[in-house]
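Notes follow once the structure below has been shown.
The values are calculated or read from the model by the stated rules, or taken from the named source; none is laboratory data. For clarity, every value in this text was computed on a predicted model and none was experimentally measured. For neighbour counting, all protein chains shown are included, and Cβ atoms are generated from backbone atoms with ideal geometry for every residue, glycine included.
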Amino acid sequence: MGIIGTAKEMLRASTESADRGDGAAERSKGAYWCHDCDERIRDVEVAGDDAPTCPECGDEMEFERSPSSTGCAC
Ligand SMILES: [Zn+2]
């Protein structure tokens, strides 16, 4: 019984971690920045392709590619 319980917990833990971290990180091409306010919004958190406006000052935010994603265009 103990083994089954442990296996179940491991399964649940691995599903959660895959859900939470790596998946979103791989899809993210970068982030939007407002340099004046130091505000950052990841592109995966923005709906659509338009740049969001800064929640602090209302200016359009600037897109910045994350260094890890510039190597591959596919
Ligand atoms: Zn701002």
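Summary table
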| read-out | value |
| --- | --- |
| Wholly within the chain, strands (runs of 3 or more DSSP E) carrying at least 1 residues that are hydroxyl-bearing (Ser, Thr, Tyr) and at pLDDT 60 or above | 30-34 |
| Cβ-Cβ under 8 Å pairs, at least 6 apart or on other chains, segment 11-40 side small (Gly, Ala, Ser), far side assigned to a helix (DSSP H, G or I) and at pLDDT below 60 | Ser28/Ser69; Gly30/Ser69 |
| Count - residues of segment 30-71 that are among the hydroxyl-bearing types (Ser, Thr, Tyr), surrounded by 12 or more Cβ atoms within 10 Å (Cβ to Cβ) and more than 15 Å from the chain's Cα centre (by Cα) | 1 |
